[in-house]
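Below is one structure, written out as structure tokens; the observations come after it.
The values are calculated or read from the model by the stated rules, or taken from the named source; none is laboratory data. Quick caveat, the model's predicted, so the values are computed rather than measured. Here Cβ is always computed from backbone atoms with ideal geometry, including for glycine, and neighbour counts include all displayed protein chains.
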Amino acid sequence: MGQLERPAGLHRFRNNDKAIAIGNTFWEETARNGLSGIVANLAEGGYLQTQEGHRFLNFSCCSYLDFDTHPGIIQGAIRALEKYGVMDHCISRIRIQIPALLELENRLSSLFRANVITAISASAATAGVLPLLASGHFSGNRKPVMVFDKNAHFSMNLYKPVCGDETEVLTSPHNDMNYLEDVCRKYEHVAYVCDGTYSMGGHAPVEDLLMLQDKYGMFIYFDDSHSLSIMGEKGEGYIRSSIPGDLNELTIIVATLNKAYGSSGGCIMFGPKGRDVALLLERFGGPLAWSQPMNVAAIGASLAAADIHDSPELKRRQDKLKRHIDLFDARVASEQQGNGFPIKLVSASNDKVMAAGQHLYENGFYVSPVFFPIVPRDQAGLRVMLRAGVEESEILRLSQLLLDFGLN
Ligand SMILES: *Cc1c(COP(=O)(O)O)cnc(C)c1O
């Protein structure tokens with residue numbers, strides 16, 4: 001009596017009750033075992049140190065090239081603040097912007113061989129781009145059916161309901177090219193949304209995707225946050241370096257500057273019609289329009305990072321990372337063994353994985369355990385992320401501890 005009826009069609013794309021119940025079970029268990037909520041400072045030699053004096057190396061760190069502690073990048077932030085004397089102009093960039101922001105976008109454009117506009121983060125970039133993609137504003141006003149890969153990052157999935165308000169939204173099984181081709185046969189306009197490199201390991205089958213693009217005119221939105229800087233001659237990432245020549249008008253690549261790139265912010269790479277796309281994003285791209293742009297410290301750090309990406313130091317660090325990946329892969333088995341990427345999910349039984357994580361932590365390594373219910377029971381494991389800036393001896397010690405613990 002008098003009860004409000006629930007509107008039809010709720011929870012088509014997300015369900016917080018379910019997500020929170022699952023997530024809390026995971027986080028409570030992690031916190032109880034002391035593997036979350038850790039407070040630590042940077043100490044000598046790239047170690048982290050808690051207030052109680054426990055020293056450890058972070059092996060679940062996305063700063064794959066250790067640029068986040070690069071003195072040149074830190075100095076870049078300081079220099080820019082001193083030079084401009086302001087954090088930002090506190091007004092949308094549509095109206096007034098700092099010349100250094102345009103300088104940075106030009107630098108990134110030439111590094112990544114694409115038109116580039118920046119955002120305060122990859123998440124903000126995605127928030128700006130996906131709704132406009134759904135409404136057909138990147139595809140000649142023809143709304144595409146949007147297909148999100150099942151394993152697409154949270155930052156993209158968050159916008160499924162928003163996209164679903166503009167067009168039809170589907171979720172494909174992970175990396176399933178047959179599914180995708182069926183959708184392309186069925187619908188005239190399709191836009192696929194995926195990670196270039198996945199946070200839990202693995203990557204998009206870029207050649208197959210480009211073939212589908214060629215054959216059906218499929219639009220592709222890549223979030224390649226995990227491979228920017230670590231791959232490509234100028235650090236343009238796995239996806240950009242897999243696409244010869246210019247980006248076409250059917251491809252957008254978003255990536256964070258917060259991970260291997262070593263500064264703070266996000267970038268959007270796109271092809272021709274540069275000015276049109278940039279204006280559309282600046283005016284209607286959600287937080288790109290209503291939030292502040294990257295602040296001066298982030299711009300200064302990013303310009304310094306661009307200098308490093310344009311120098312031989314980039315390749316030295318990329319090579320070192322590669323050696324570390326090979327060193328680890330030669331000792332420890334994982335589904336990602338030999339794939340050339342730094343993220344390795346080392347399987348462990350669901351019952352054992354937390355104890356393994358604790359054992360490693362006590363021995364000076366932080367590695368995040370993932371277990372049921374955030375992953376199926378048989379997919380539990382330790383998420384090891386390799387880095388350039390650690391000693392080889394530490395990688396050997398970590399590998400040995402994993403083997404001693406009877407993992408894989
Ligand atoms: C880390 C990550 C993000 C978040 O990047 P921010 O710039 O910090 O918002 C987005 N997408 C993917 C695939 C990521 O791995």
*Looking for whichever is within 30 Å of residue 315 (Cβ to Cβ), among the small types (Gly, Ala, Ser) and outside the structural domain of residue 344 (by TED's automatic domain parsing) here; the options are 164, 232. Which one fits?*
232
*asked:* Please determine whether any residue of the stretch 317-329 is under 21 Å from residue 266 (Cα atoms) and part of a helix (DSSP H, G or I).
replied: yes
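Do any helices (runs of 4 or more DSSP H) lying entirely in the stretch 199-312 carry at least 2 residues that are within 16 Å of the ligand (Cβ to nearest atom) and not hydrophobic (A, V, I, L, M, F, W, C), and which ones are they?
Here the list reads 237-242.
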*Among the residues of the stretch 189-205, write down those that are aliphatic (A, V, I, L, M) and under 20 Å from residue 145 (Cα atoms).*
190, 191, 193, 204
*Looking at 134, 152, 100, which one is aliphatic (A, V, I, L, M) and touching a Leu at 6+ places or on another chain (Cβ under 9 Å)?*
100
*For the stretch 106-135, name all the residues that are within 16 Å of the ligand (Cβ to nearest atom), assigned to a helix (DSSP H, G or I) and farther than 17 Å from residue 308 by Cβ.*
122, 123, 124, 125, 126, 127, 128, 129, 130, 133
*Which listed residue is within 16 Å of the ligand (Cβ to nearest atom) and on the phi < 0 side of the Ramachandran plot, from 58, 24, 15*: 58
*residue 105 versus (1) assigned by TED's automatic domain parsing to the domain that holds residue 230; (2) at positive phi: which is the lone unmet condition?*
(2)
*Might you check whether a residue that is basic (Lys, Arg) and either surrounded by fewer than 21 Cβ atoms within 10 Å (Cβ to Cβ) or not assigned by TED's automatic domain parsing to the domain that holds residue 171 (or both) occurs anywhere in the stretch 247-269?*
no
*Any idea which of (1) in contact (Cβ under 8 Å) with a residue 40 or more places away in the chain; (2) surrounded by 24 or more Cβ atoms within 10 Å (Cβ to Cβ) is the one residue 224 doesn't satisfy?*
(1)
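Condition check ((1) surrounded by fewer than 16 Cβ atoms within 10 Å (Cβ to Cβ); (2) in contact with an Asp or Glu (Cβ under 6 Å, 6 or more places away or on another chain); (3) part of a helix (DSSP H, G or I)) across all residues:
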| site | (1), (2), (3) |
| --- | --- |
| 73 | no, no, yes |
| 82 | yes, no, yes |
| 86 | yes, no, no |
| 90 | yes, no, no |
_Restricting to the stretch 24-57, name every residue that is surrounded by 13 or more Cβ atoms within 10 Å (Cβ to Cβ) and of a type in the set (Val, Ile, Thr)._
25, 30, 38, 50
*For residue 289, state whether it is crowded, with 23+ Cβ neighbours inside 10 Å and out of contact with any strand residue (DSSP E or B) (no Cβ under 9 Å at 6 or more places or on another chain).*
no
*asked:* Considering only residues that are under 28 Å from residue 20 (Cβ atoms), more than 16 Å from the ligand (Cβ to nearest atom) and touching a Ser or Thr at 6+ places or on another chain (Cβ under 7 Å), which ones fall in the stretch 139-166?
replied: 146, 147, 166
